[in-house]
Amino acid sequence: MSISPSQQRIHTEQILPRPDRAWIFQLTPPERNTLIATFGGWALDGMDVMAYTFVIPSLITAWHISKGQAGLLASGALLVSAVGGWLAGLLADRFGRARVLQITIAWFAFFTFLSGFTNSFWQLMVTRGLQGLGFGGEWAVGSVLMGEIIRAEHRGKAVGTVQSGWAIGWGVAALFYTLLFSVLPAAIAWRAMFWIGILPALLVFYIRRYVPEPEVYRQTRTTLAQQGKSTHFLEIFTPALLRITLLTSLMAIGAQGGYYAVTTWLPTYLKTARGLSVLNTGAYLGVVIAGAFAGYLTGAYLTDRLGRRRTLILFAVCSLLTVAAYTTLTVGNQVMLVLGFPLGFFASGSFSPMGAFLTELFPTRLRGSGQGFSYNVGRGIGASFPPLVGYLSGRIALGRAIALFALSAYLVMIIAVSLLPETRGKELATE
């Protein structure tokens, strides 16, 4: 059966991307499906993790736990997630990116759901710790998967867009909080916030059907098998890769340490030191979330436009200046509400270039291990910043303590990024 020229043209347009369209419409089916899956995974991941922040007051009242214990539940899950991120990266190098991504999503969804049935501090500590294993692993594996499937010209935009899913998940959690606590008794509503955490498990079916293993990963595994070679995760500490491993770890420590120091304590600072009642309103939270979402997308675009290093340094410098403004300026409530936008914008946008940058800095055979280790060392050490700020605030003003840790963190990030090579446009090799 012959095909007319017009039919051939339509068939070709369905397969080949059109360069005259926006980048997201240029994606091939595998690229598009992977973007949908990883964006959805990160959004639902964010929903599950941020749900805890909304139920803290109810838990304190119901179980008569202290604020310190509530904070320990948050920090404990964060520390365990650092271990989960590295472990998932190791497994992804051995068993495949898409396969391990499914496991991590199902894992954190199940243990979030199970948290809704807990009846004590220690029970929730266990379930949130186990949830953290999957939470940390989802980002590590999803970022590698997206970075390997997407073309080099769109890698920064795609991986950064996936990162923006966190703001969407945060917003969804806020909406569920408003709905559930409006129609249900508080004793049930907080449990329902965890029960909806089972929803991400549905994404596993989509990934199984539509998301393939990246071609560069499959070719690398085939080449290693033919050569009779194997890899070991400790190779990221050999002389050939040690410098990259150390510098990327410092970069992640700076970004996450600064982020946690600011976002954990700034609301308390503005409420206690500035007396801003607006911090208790949904309007303030909405402004910060909107800023975070815009920052993620802007950082994603600039990653391919300006390059990885310039974008990271730009956002780190602006984050540093924003923190300085928050801790030194004397302004009214309405101005503070508006300034919530740049707070979310720069602190969150700092993460957009990281996934693509880490993907391009580590070789394919060790990408999951290297990326999982570096990013999650940052998460683990960064998790210690909030309690350190709290400890130091007993000796100096809280604003100064926040500024000291946040500014130091962003300076470390700037130095580390300055010492790393630019990788924009790099084609991934089967190495």
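The values are calculated or read from the model by the stated rules, or taken from the named source; none is laboratory data. Just so it is clear, the model here is predicted, and its values are computed rather than measured. Heads up, the Cβs are rebuilt from the backbone with ideal geometry, glycines too, and the neighbour counts pull from every protein chain shown.
A few comments on the model shown:
- Residues satisfying the stated conditions in segment 347-366, i.e. touching a Leu at 6+ places or on another chain (Cβ under 8 Å), of a type outside the set (Lys, Arg) and part of a helix (DSSP H, G or I): MET354, PHE357, THR359, GLU360, LEU361, THR364, LEU366
- So PRO200, is it buried (at least 20 other Cβ atoms within 10 Å of the Cβ), in contact with a Lys or Arg (Cβ under 8 Å, 6 or more places away or on another chain), touching a residue at least 12 places away in the same chain (Cβ under 8 Å) and closer than 28 Å to PRO30 by Cβ: no
- Scanning segment 304-350 for residues that are under 16 Å from the mean Cα position of the chain (by Cα) and either of a type in the set (S, T, N, Q) or closer than 20 Å to LEU285 by Cα (or both) yields GLY344, PHE345, PHE346, ALA347, SER348, GLY349, SER350.
- Segment 381-408 residues that are closer than 14 Å to THR328 by Cα and modelled with pLDDT of 80 or more, paired with ones that are hydroxyl-bearing (Ser, Thr, Tyr) and assigned to a loop (DSSP other than H, G, I, E, B) (beta carbon under 9 Å, 6 or more apart): ARG400/SER393; ALA401/SER393; ILE402/SER393
- Residue within segment 110-124 that is over 24 Å from ILE207 (Cβ atoms), touching a residue at least 12 places away in the same chain (Cβ under 8 Å) and in a helix (DSSP H, G or I) present: yes
- Failed condition for GLY71, given (1) crowded, with 17+ Cβ neighbours inside 10 Å; (2) out of contact with any Leu (no Cβ under 9 Å at 6 or more places or on another chain); (3) at pLDDT below 80: (1)
- Which numbered condition TRP265 fails, given (1) at pLDDT 75 or above; (2) in a helix (DSSP H, G or I): (1)
- Qualifying residue in segment 417-429 (condition: at negative phi, in a helix (DSSP H, G or I) and either in contact (Cβ under 8 Å) with a residue 40 or more places away in the chain or in contact with a Cys (Cβ under 9 Å, 6 or more places away or on another chain) (or both)): yes
- Residue within segment 214-226 that is among the small types (Gly, Ala, Ser) and within 24 Å of the chain's Cα centre (by Cα) present: no
- Any chance LEU314 is free of Cβ contacts under 8 Å to residues at least 60 places away in the same chain, hydrophobic (A, V, I, L, M, F, W, C) and part of a helix (DSSP H, G or I): yes
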